[in-house]
Amino acid sequence: MRERVGRVEGKIAIVTGAGSVPGVGYGTGKAISIALAREGAKLVLVDLFPERAEETKAEIEAEGGEAIVVQADCTKWRDCSNMVLEALDAYGRIDILVNNLGLASPGVATEMYERDWDRVFDINLRTVFLCCKYTIPVMLGQQSGAVINLSSMSAQRPGRTIAYTAAKAGVEAMTFDMALAYGRKGVRVNCVLPGNITTPIATNVLKSFPGHERMVKMREKCGMLGIPGDAWDIAHAVVYLASEEARFITGITLPVDAGMLRTTGMSFVADIRESIEEEMNEEA
Ligand SMILES: NC(=O)c1ccc[n+]([C@@H]2O[C@H](COP(=O)([O-])OP(=O)(O)OC[C@H]3O[C@@H](n4cnc5c(N)ncnc54)[C@H](O)[C@@H]3O)[C@@H](O)[C@H]2O)c1
């Protein structure tokens, strides 16, 4: 068991997408949940697939922490409302909400079907709205709370992912709006912007591209630091924003990206992909 410092000791935290898809390494939701538990929080692990959240729960309990699992499809208001009721039933309060759930999706305007646009918006934007809609009233009643939303590099840099880009930009805009609406009532709302993070979902998606090994290497080296990032990098930033150490911080987007946002953008990654594909076509 890791040593506990207790930066969120006794706090109750909901994390959406708290499981991890099968694959190598940790998804951010799983790492965030474990990191919060290590710092003393009790977790409400929310996932569409409860067996995935159960794995997170088992890891938390193996380290002496406490968690419950709530099965929910966070695109549905009834599930989000139930998530809050189950959290209150188990722990009586909610101090932290991490809207981790989200999924990247490629596609430019002219090639995107309406139903795909709607799906990307449902997963990335509607879930954040609904989870906040039902959780924040509890925080307002307590006159304290911290909400952390997961954005993406795509919100601020083009990547030929029009719906994902627009939805994540919406997540950031909603964050700023809620920070203003609830700041004087004790609720802080912030965003974490992950750069290129190696997670099971990202690895599985990259595998579908031709020349993916080179793609992975280039992706890892994109930032100023030239090192790969993982889910724990995101988790530690979330723990900080959730803790009292960040009591004077609201309405921000915190990039956790090895400096990538300051230098290159997602178009750089898309360009690399295109040039690898061109090279491979020439070789064939
Ligand atoms: N990995 C990256 O490089 C990267 C980069 C930028 C932004 N992000 C963002 O980080 C966040 C986490 O990404 P991740 O790939 O680590 O995912 P993750 O592994 O943290 O979350 C996946 C989990 O979400 C669950 N889930 C899917 N749909 C659901 C629904 N409707 N309701 C409830 N649960 C549902 C899945 O079952 C799965 O267990 C996302 O918001 C993503 O957009 C990731």
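Any read-out appearing in this document is the output of simple, stated calculations on the displayed coordinates, not a laboratory observation. What you see is a predicted model, and the numbers here were worked out from it, not measured in a lab. Here Cβ is always computed from backbone atoms with ideal geometry, including for glycine, and neighbour counts include all displayed protein chains.
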* To do: Return the distance in nm (one decimal) between the two label points of a simple spin-label model at VAL108 and LYS221, each offset 7 Å from Cα along Cα→Cβ.
  => 2.7
* **13 Å beta-carbon shell around THR263, net charge (K/R +1, D/E -1)** => +2
* Asked: Given segment 1-152, what percent of its DSSP beta bridges are antiparallel, to the nearest 5?
  -> 0
* Asked: Residue by residue, what Karplus-based ³J(HN,Hα) values in Hz, rounded to whole numbers, does segment 98-104 have, using 6.51, -1.76 and 1.60 with θ = phi - 60° and x for Gly and Pro?
  -> 10, 8, 7, 4, x, 8, 6
* To do: Work out Dmax and Rg for segment 39-86 from the C-alpha atoms and quote the Rg first, both in angstrom.
  => 11.2, 33
* Which three extents, in whole angstrom, do the alpha-carbon atoms of segment 112-242 cover along their principal axes, largest first? -> 53, 37, 22
* For ILE68, put the label point 7 Å out on the Cα→Cβ axis and report which residues of segment 16-36 keep their amide N under 12 Å from it. => none
* Charge tally in the Cβ shell below 10 Å around GLY107, where Lys, Arg are +1 and Asp, Glu are -1, GLY107 excluded -> -1
* Asked: When only alpha-carbon atoms count, how far does segment 1-98 stretch along each of its three principal axes, as whole angstroms with the largest first?
  -> 38, 34, 17
* Work from the charge dipole of the chain (Cβ charges, +1 for Lys and Arg, -1 for Asp and Glu, about the Cα centre) and give the residue of GLY92, VAL46, THR56 farthest towards its positive end. => GLY92
* To do: Would you please give the residues with an amide H less than 5 Å from that of VAL256, counting only those at least 5 places away or on a separate chain, with H modeled from the backbone geometry?
  => LEU193, GLY195
* Once you have the Cα-Cα distance between ASP118 and ASP89, take 0.36 nm times their residue separation minus that, and quote the gain in nm to one decimal. => 7.1 nm
* Structure fact -> Hydrodynamic radius by Kirkwood for segment 46-142, inverse mean 1/r across distinct Cα pairs, in Å, is 14.9
* Structure fact -> Given all pairs of distinct Cα atoms, the chain yields a Kirkwood Rh in Å of 19.1
* If the convex hull is drawn through the Cα atoms of segment 157-210, its volume per residue in Å³ -> 101
* What FRET efficiency do you get for VAL21 and ARG247 if R0 is 41 Å and r is their Cβ-Cβ distance, rounded to the nearest 0.05? -> 0.75
* Asked: What's the local net charge at MET139, with K and R +1, D and E -1, over the other residues with C-beta under 11 Å away?
  -> +2
* Asked: Counting pairs of alpha carbon atoms under 8 Å apart in space and at least six apart in sequence, what relative contact order in percent does segment 1-77 give?
  -> 33
* Virtual paramagnetic centre 7 Å along Cα→Cβ of ALA181, amide N under 20 Å, in segment 65-92 -> 74-85
* Over all distinct Cα pairs, what is the inverse of the mean 1/r for segment 105-153, reported as the Kirkwood hydrodynamic radius in Å? -> 12.9
